[in-house]
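Reading through the structure tokens given below for one structure.
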Amino acid sequence: MTDEAQNEMKELSRSQIIAWWGSIVGVCLVIAFGSIFVTRAYLERRNYEIENYRPPHVAKLETDLNAVNRDGTEVSLGQLRGKVYVAGYQYTDCPAGCLGMASIMKLLEEEFGDNPQFRLVSISVNPSGDNPGKMDAWVKENGVDSDDWWFLTGKPEEITKYMISQFMFFATEKVTDPALIPSIGEFSHDQRLALVDGDANIRGYYDVMNVERGELELQRLRMDLKLVLNPELKLSEIEKEFTLTPAE
């Protein structure tokens, strides 16, 4: 083979190597830029979702509940469509826990009561023992008297069934040990609060009476309530108001 042919072969090999490496570099650049683009898009979407966070829909009140308010008025939860409300169990003969629950709900009333879209609903654990007059007296005696706060009683079977099937609350159990009744009452019941939006969607459950994390649960409820009541609100505008991690 002549020197000229050998040089041509070398030039061809060199060109092929350059082209090959050029392809490798090109592919790497495409992958790198693609990764940057995908990562950036993911981060932007994640930041958007965090900034525009709203508590999820965890259940829905598919049917209505007819009941009697403490003033003797017949009402239904359907009348609260378009309102945002917090609901929980209560009963007048409860020795301690229900009063604690009422005090927490009163804090919510003090913070959000000026908003015309906000309501509170307490539903009797013991409808057969809680008539409207008894509930009204309990409310006034304990300083939780508000026109925007319903205390409901009614037919025991209907209320019990509704609270389990619609609110998804735990079943209530009757306390049989006489030694325990003076301290915890006649009924062991769900002590969580439920947040319900204007479309009857349950947006969260909050274990505000929990000894270990009750304060954190209350903070979470306050934050979620503020976000549901104010659809235009950004999380960054209010997150400094709440402490959602345990203190060390």
Residue count, segment 101-126, condition crowded, with 16+ Cβ neighbours inside 10 Å, free of Cβ contacts under 8 Å to residues at least 60 places away in the same chain and either polar (S, T, N, Q) or at positive phi (or both), comes to 2
Residues in segment 186-216 that are surrounded by 21 or more Cβ atoms within 10 Å (Cβ to Cβ) and of a type in the set (A, V, I, L, M, F, W, C): how many? 5
Qualifying residue in segment 160-178 (condition: outside any helix (DSSP H, G or I), aliphatic (A, V, I, L, M) and at pLDDT below 95): yes
Being closer than 15 Å to Thr92 by Cα and hydrophobic (A, V, I, L, M, F, W, C) is the filter here, so list the residues in segment 184-210 that pass it. Ile184, Phe187
Please go through (1) touching a helix residue (DSSP H, G or I) at 6+ places or on another chain (Cβ under 8 Å); (2) surrounded by 14 or more Cβ atoms within 10 Å (Cβ to Cβ); (3) free of Cβ contacts under 8 Å to residues at least 40 places away in the same chain for Gly129 and return the number of the only condition it doesn't satisfy. (1)
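State yes or no: is Met135 in contact with a Ser or Thr (Cβ under 9 Å, 6 or more places away or on another chain), touching a residue at least 24 places away in the same chain (Cβ under 8 Å), in the same structural domain as Lys106 (by TED's automatic domain parsing) and closer than 16 Å to Asp64 by Cβ?
Considered against the rule, which asks whether it is in contact with a Ser or Thr (Cβ under 9 Å, 6 or more places away or on another chain), touching a residue at least 24 places away in the same chain (Cβ under 8 Å), in the same structural domain as Lys106 (by TED's automatic domain parsing) and closer than 16 Å to Asp64 by Cβ, Met135 comes out as no.
The values are calculated or read from the model by the stated rules, or taken from the named source; none is laboratory data. What you are looking at is a predicted structure, and each value in this text was computed from that prediction instead of being measured. Note that each Cβ is placed from the backbone with ideal geometry, even for glycine, and that neighbours are counted across all protein chains shown.
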